[in-house]
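Trainee: Starting off with a structure, shown below.
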Amino acid sequence: MVFDFLKGEFIDVISWLDDTRDTMVWRFERRGQAIKYGAKLTVREGQAAVFVHEGQLADVFGPGLYMLETNNMPILTTLQHWDHGFNSPFKSEVYFVNTTRFNDLKWGTKNPIMCRDAEFGPVRLRAFGTYSMRVSDPGVFLKEIVGTDGEFTADEISSQIRNVIVQEMSRVLASSGIPVLDMAANTGDLAKLIATAIAPKIAEYGLVLPEFYIENVSLPEEVEKVLDKRTSMGIVGDLNRYMQFNAAEGMAQPGSGMGAMMGAGMAAGMGVSMGQNMGPWGAPAGATPAAAAPPPPPPPAAKQWHLAENGATKGPFGEGDLAALVQSGALTRATMVWAAGMEGWKPAAETELGRLFAMVPPPPPPGA
């Protein structure tokens, strides 16, 4: 009777219901009680149960329902030296390992990675992204990483994984030979190279990374500003033509009449005169010049006009061409015209082209 009472005190049901999202390993708490020989072990999908007996890794159980007996615990039976007929309790630690994926884990470079680019020379790059992690070998993971931790979370291993990722990221970026400007188009290939490179090291921890993504590879902020300026210069193209366009567009704005043009001409003339009277670095004209004065800016480009006729546009035309069209009758006061700076199409007579019609008589009256 006493033996039956003691026998009933031993734990006979071992299981774990995970109600967290980041717990990777949880130790089954025995509260000083031993595990009864023949107890029931429940391992759910996405779990593994690892038995550690007297500090040694004993058995690993996958999903299923088990009766803890000698026929399904061969390693532990060998360690315990059980007799097949002996029905005594045993003391072992049971660790449940979560084998599902841990998703949306972050990684990033703390410090820039030095690389050599064929176009820009030595550059510093930063990168960041996400990955997923899963325990592939519960026994190795428990032995190499967890140890005797009673509750182990993903955060406790993520920093080490990040270190491995960044180390391989530095090596792959430095040796990839991919130009900096093309890296955004090759993040998928870079991610595959890095995932392949870190797989052996991660396997030593009993882990795999089913997914690995590079979200961005970027240059330092000050370098990006210089690159933006270089891009702007490429878009502008010929600076002289760009200045002419700006001048012509300014003349077309409201309030830019003859006075404004004369003011601009006077300002340009004053600038040329000052440039002739002053030597380099503001020296007087009598001083020996170090270099010739810069030539005056080119005159503003002539305004170009477009005509609307039967739902189609014609042009562009200069004022000389338009005068000929007025003489031939192809351009009338009612013809809709447009030029840069105008808000929309207007009849020619309502624009500055109205002066072209001053010397052209209106249509003759109908016959009597």
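FYI, it's all coordinate maths here, none of it is from the lab. Note that the structure is a prediction, hence the values are computed from the model and not measured. Cβ coordinates were reconstructed from backbone atoms using ideal geometry, including for glycine residues, and neighbour counts include every protein chain displayed.
Trainee: Pop the C-beta distance of Ala203 and Asp182 into the FRET formula with R0 = 30 Å and round what comes out to the nearest 0.05. Could you put the intermediate results ahead of the total?
Mentor: Working: r = 31 Å, r/R0 = 1.05.
That gives a FRET efficiency of 0.45.
Trainee: Can you list residues from other chains, or at least 5 along the same chain, whose modelled amide H is less than 5 Å from the amide H of Ala39?
Mentor: Sorted by chain and number, the residues that satisfy this are Leu68.
Trainee: When Lys and Arg each count +1 and Asp and Glu each count -1, what net charge do the other residues less than 15 Å away from Lys201, Cβ to Cβ, add up to?
Mentor: Values: positive: Arg162, Arg171; negative: Asp137, Glu144, Glu168, Glu204.
Combined, the nearby Lys, Arg, Asp and Glu give -2.
Trainee: Also, quick follow-up: Cross-link candidates for Lys106: which lysines have Cα within less than 24 Å, leaving aside residues fewer than 8 places away along the same chain?
Mentor: Reachable lysines: Lys192, Lys201.
Trainee: If you don't mind, there's one more thing I want to ask. I need Ile214, Ile202 ordered by Cβ neighbour count within 10 Å, fewest first.
Mentor: Numbers: Ile214 24, Ile202 18.
So the residues, fewest neighbours to most, are Ile202, Ile214.
Trainee: Continuing with the same structure: Report the paramagnetic label zone for Glu144: residues of region 202-219 whose backbone N is under 20 Å from a point 7 Å from Cα along the Cα-to-Cβ axis.
Mentor: Only 202-212 fall inside the zone, counting backbone N under 20 Å.
Trainee: Could you pull out every residue, at least 5 positions away or on a different chain, whose amide H is within less than 5 Å of the one on Ala340? Hs are placed 1.01 Å off N in the peptide plane, and Pro or chain starts have none.
Mentor: Sorted by chain and number, the residues that satisfy this are Gln304.
Trainee: What FRET efficiency comes out for the pair Ala358/Met243, r = Cβ-Cβ distance, R0 = 22 Å, nearest 0.05?
Mentor: Working: r = 33 Å, r/R0 = 1.49.
Using R0 = 22 Å, I get an efficiency of 0.10.
Trainee: Which of Val217, Val52 comes first, and how do the rest follow, when ranked by fewest Cβ neighbours within 10 Å? Walk me through the numbers before you get to the answer.
Mentor: Values: Val217 22, Val52 19.
With the sparsest Cβ surroundings first, the list reads Val52, Val217.
Trainee: Which whole-Hz couplings ³J(HN,Hα) result when phi for each residue of region 55-65 is put into the Karplus expression 6.51 cos²θ - 1.76 cosθ + 1.60, θ = phi - 60°, listed in order with x for Gly and Pro?
Mentor: Calculated HN-Hα couplings, in order: x, 10, 5, 9, 10, 10, 10, x, x, x, 10 Hz.
Trainee: Let me ask something additional. For Glu319 and Asp189, compute 0.36 nm times the residue count separating them, minus their Cα-Cα distance, and round to one decimal in nm.
Mentor: Working: separation 130, 0.36 × 130 = 46.80 nm, distance 5.73 nm.
Using 0.36 nm per residue and subtracting the Cα-Cα distance, I get 41.1 nm.
Trainee: Please order Glu309, Glu343 by the number of other Cβ within 10 Å, starting at the fewest. Write down the numbers at each step before the final one.
Mentor: Values: Glu309 11, Glu343 7.
The order, fewest Cβ neighbours first, is Glu343, Glu309.
Trainee: Right, next: Cα atoms only, region 305-357: Rg and Dmax in Å?
Mentor: Gyration radius and largest Cα-Cα distance of region 305-357: 9.9, 28 Å.
Trainee: Which value does Rg/Rh take for region 102-224 over its C-alpha atoms, Rh per Kirkwood? Working shown, then result.
Mentor: Details: Rg = 15.8 Å, Rh = 15.4 Å.
The Rg/Rh ratio comes out at 1.03.
Trainee: Thr99's amide H: which non-local residues (gap 5+, or another chain) put their own amide H closer than 5 Å, with H modeled 1.01 Å from N in plane and none for Pro or chain starts?
Mentor: Gln47, Ala48
Trainee: Further, regarding this structure: Short version: ³J(HN,Hα) in whole Hz for each residue of region 119-131, in order, from phi by Karplus 6.51 cos²θ - 1.76 cosθ + 1.60 (θ = phi - 60°), x for Gly and Pro, what are they?
Mentor: 8, 9, x, x, 9, 10, 10, 10, 8, 8, x, 9, 7
Trainee: Follow-up. Given contacts defined as C-alpha pairs under 8 Å and at least six residues apart, what's the relative contact order of region 102-224, whole-number percent?
Mentor: Numbers: 171 pairs, mean separation 48.5, N = 123.
The normalised contact order for region 102-224 reaches 39 percent.
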